[in-house]
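J.: Would you mind keeping the following structure in view while I ask a few things?
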Amino acid sequence: MIAVTSQQRGAELLAIENLAVSFAAGQSRVRVIQDVSLRVGPGMRLGIVGESGCGKSVTSLAVMGLLGRGGKVEHGSVVFGGRDLLALPERQLRQVRGREIAMIFQDPMSSLNPVLTIGEQITEAIRAHQRARRHDANARAAQLLQMVGIPAGEAALRRYPHEFSGGMRQRVMIATALALSPKLLIADEPTTALDVTIQAQVLELMGRLVKDAGAALMLVTHNLGVVAGMTERVAVMYAGRIVEEASTPDLFGRPAHPYTVGLLHSLPGVQTRDSDLVPIPGMVPQPGHEPAGCAFAPRCRWRLPRCWTEQPQLEGVEQIAGDQLAAGHRVACHNPVAPEEAGPGFPIRALPFVPPPPGITDFTGQSETAQ
Ligand SMILES: Nc1ncnc2c1ncn2[C@@H]1O[C@H](COP(=O)(O)OP(=O)(O)OP(=O)(O)O)[C@@H](O)[C@H]1O
Ligand code: SF4
Ligand SMILES: [Mg+2]
């Protein structure tokens, strides 16, 4: 039995169940998302983290019904406010998008129309969903710009996106996304296109506005450090699957998946214990080229022989480790990291050397003689 937190038990805003997504690849299809299940309660802040190509954006786009040509939901459901979004006709889905679920993308330039003024874009977003007179929509747009720290709202409305800095454009995106008081904001790498100095400011602003509005937040990022102060739960994705999910303090305090430990050790300043900065060796496998068992096995120093052949399932950490952790901590791993191994970032138990099957590269740098 997987433990469920009281927050998860409450009325759910978004429930993604067993989602699988594929894309066309020549004559065949490749699965890029496998059995992803996630819950977001009203007002909850969930982080989704993982390296490039893990499936964070595809998961978000599937929720929004924006997979585009070639993308297909193979199975699963996305229930938002009691409605299965995957079954909604496009016209109704369009009503949900923007008004109830808003999304901020990584690159504000690709989301803002270069030939429309900032004012036209925000008021258009408002008027597409609400009966509002142009004058009132303009006033609301100016108020929103003030709220995101862009002074002289009225004058700023007459300017074009290229007249704004990257940080200001992302603030405009936040203002537009929050214009209709959505119940859920999906922010996909909202600050990676910005200077490091601006990133923290924009994140802080977004977090504060989302909280003030009582909206839920799904924050997608490759940086575990970003989710630390912004979320209360975190799901770690690897090769299209969720490999660990926990409350944010549990994930940082007692990471159980070797990949999560690797992500923590790749982050300067995030480790809480004395440890070296150790990047995860190797790279995420291309979809369709994962080992038959655990996709992380070629990079994992905790692996066991069964890891090459058996797909690990998400299970409660307390079940596996037999300890009394906070409920709702789940991990998909045949040999989870022991609490005392998270700090050093490598196994301190004597584990056998497990060579890869033919044709699979071992990135761990281990060898039989070294064991
Ligand atoms: N339109 C598409 N057609 C084919 N494959 C796609 C498409 N979009 C994404 N993919 C593949 O799906 C996998 C997951 O991609 P996704 O964009 O979700 O990764 P991500 O975790 O968001 O990475 P990043 O941090 O780089 O944004 C990748 O292997 C990617 O190449
Ligand atoms: S121990 Fe096995 S199942 Fe766990 S991450 Fe490593 S390879 Fe995957
Ligand atoms: Mg992405």
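The values are calculated or read from the model by the stated rules, or taken from the named source; none is laboratory data. Values in this document were obtained by computation on a predicted structure and should not be read as measured data. All Cβ positions, glycine included, derive from the backbone under ideal geometry; neighbour counts span all protein chains shown.
J.: For residues that are within 11 Å of ligand 1 (Cβ to nearest atom) and of a type in the set (A, V, I, L, M, F, W, C), scanning just region 37-65, find the one that is surrounded by the fewest Cβ atoms within 10 Å (Cβ to Cβ). Talk me through it step by step, then tell me what you get.
T.: Residues of region 37-65 that are within 11 Å of ligand 1 (Cβ to nearest atom), as a first pass: 48-62.
The next check asks that each one be of a type in the set (A, V, I, L, M, F, W, C); those that pass are 48-49, 54, 58, 61-62.
Details: 48: 28, 49: 25, 54: 25, 58: 22, 61: 18, 62: 24.
Here the residue is 61.
J.: Could you check, for region 62-69, whether at least one of its residues is at pLDDT 90 or above and within 13 Å of the chain's Cα centre (by Cα)?
T.: Within region 62-69, one or more residues are at pLDDT 90 or above and within 13 Å of the chain's Cα centre (by Cα).
J.: Somewhere in region 320-330, is a residue outside any loop (DSSP other than H, G, I, E, B), modelled with pLDDT under 90 and over 16 Å from residue 54 (Cβ atoms)? Write out each step before concluding.
T.: To start, the set of residues in region 320-330 that are outside any loop (DSSP other than H, G, I, E, B) comprises 320-321, 330.
Still in the running and modelled with pLDDT under 90: 320-321.
Next cut, over 16 Å from residue 54 (Cβ atoms) only: 320-321.
Yes, region 320-330 contains a residue that is outside any loop (DSSP other than H, G, I, E, B), modelled with pLDDT under 90 and over 16 Å from residue 54 (Cβ atoms).
J.: Given the condition touching a residue at least 12 places away in the same chain (Cβ under 8 Å) and within 11 Å of ligand 1 (Cβ to nearest atom), answer yes or no: does some residue in region 9-21 qualify? If you could, list the steps in order and put the result at the bottom.
T.: As a first pass, look at region 9-21 and keep what is touching a residue at least 12 places away in the same chain (Cβ under 8 Å): 10-21.
With within 11 Å of ligand 1 (Cβ to nearest atom) added as a condition, the list becomes 21.
There is at least one residue in region 9-21 that is touching a residue at least 12 places away in the same chain (Cβ under 8 Å) and within 11 Å of ligand 1 (Cβ to nearest atom).
J.: May I ask you to list pairs of residues, at least six apart or on different chains, whose Cβ atoms are under 6 Å apart, with the first in region 60-71 being in the same structural domain as residue 26 (by TED's automatic domain parsing) and under 17 Å from residue 219 (Cα atoms) and the second being within 13 Å of ligand 3 (Cβ to nearest atom) and not aliphatic (A, V, I, L, M)?
T.: Hits for this filter: 60/188.
J.: Please verify whether residue 27 is without any contact (Cβ under 8 Å) to a residue 60 or more places away in the chain, within 19 Å of residue 288 (Cα to Cα), within 16 Å of ligand 1 (Cβ to nearest atom) and out of contact with any Phe, Trp or Tyr (no Cβ under 6 Å at 6 or more places or on another chain), treating the condition exactly as stated.
T.: Numbers: without any contact (Cβ under 8 Å) to a residue 60 or more places away in the chain: yes; within 19 Å of residue 288 (Cα to Cα): yes; within 16 Å of ligand 1 (Cβ to nearest atom): yes; out of contact with any Phe, Trp or Tyr (no Cβ under 6 Å at 6 or more places or on another chain): yes.
Judged against the criteria, residue 27 is a match.
J.: Being in contact (Cβ under 8 Å) with a residue 40 or more places away in the chain and of a type in the set (S, T, N, Q) is the filter here, so list the residues in region 72-108 that pass it. Break it down into steps so the answer makes sense when it comes.
T.: Filtering region 72-108 down to residues in contact (Cβ under 8 Å) with a residue 40 or more places away in the chain leaves 72-81, 98-108.
Scanning region 72-108 gives 77, 106.
J.: Something else: Name the helices (runs of 4 or more DSSP H) wholly within region 26-113 that hold at least 3 residues that are touching a Gly at 6+ places or on another chain (Cβ under 8 Å) and within 16 Å of ligand 3 (Cβ to nearest atom)? Working first, answer last.
T.: Values: elements: 56-64, 90-99, 108-111.
In region 26-113, the matching helices (runs of 4 or more DSSP H) lie at 56-64.
J.: Can you name the number of the only condition in (1) closer than 23 Å to residue 97 by Cβ; (2) within 16 Å of ligand 1 (Cβ to nearest atom); (3) buried (at least 22 other Cβ atoms within 10 Å of the Cβ) that residue 189 fails?
T.: The failed condition is (3).
J.: With β-branched (Val, Ile, Thr) and touching a strand residue (DSSP E or B) at 6+ places or on another chain (Cβ under 6 Å) as the only criterion, which of 115, 73 stands out?
T.: Exactly one of 115, 73 is β-branched (Val, Ile, Thr) and touching a strand residue (DSSP E or B) at 6+ places or on another chain (Cβ under 6 Å), namely 73.
J.: Right, something else. Can you go through 171, 127, 134 and tell me which one is crowded, with 21+ Cβ neighbours inside 10 Å, among the charged types (D, E, K, R), modelled with pLDDT under 90 and assigned by TED's automatic domain parsing to the domain that holds residue 95? Let's see the steps before the verdict.
T.: On the way: 127 fails: crowded, with 21+ Cβ neighbours inside 10 Å; 134 fails: crowded, with 21+ Cβ neighbours inside 10 Å.
Testing whether each residue is crowded, with 21+ Cβ neighbours inside 10 Å, among the charged types (D, E, K, R), modelled with pLDDT under 90 and assigned by TED's automatic domain parsing to the domain that holds residue 95 leaves just 171.
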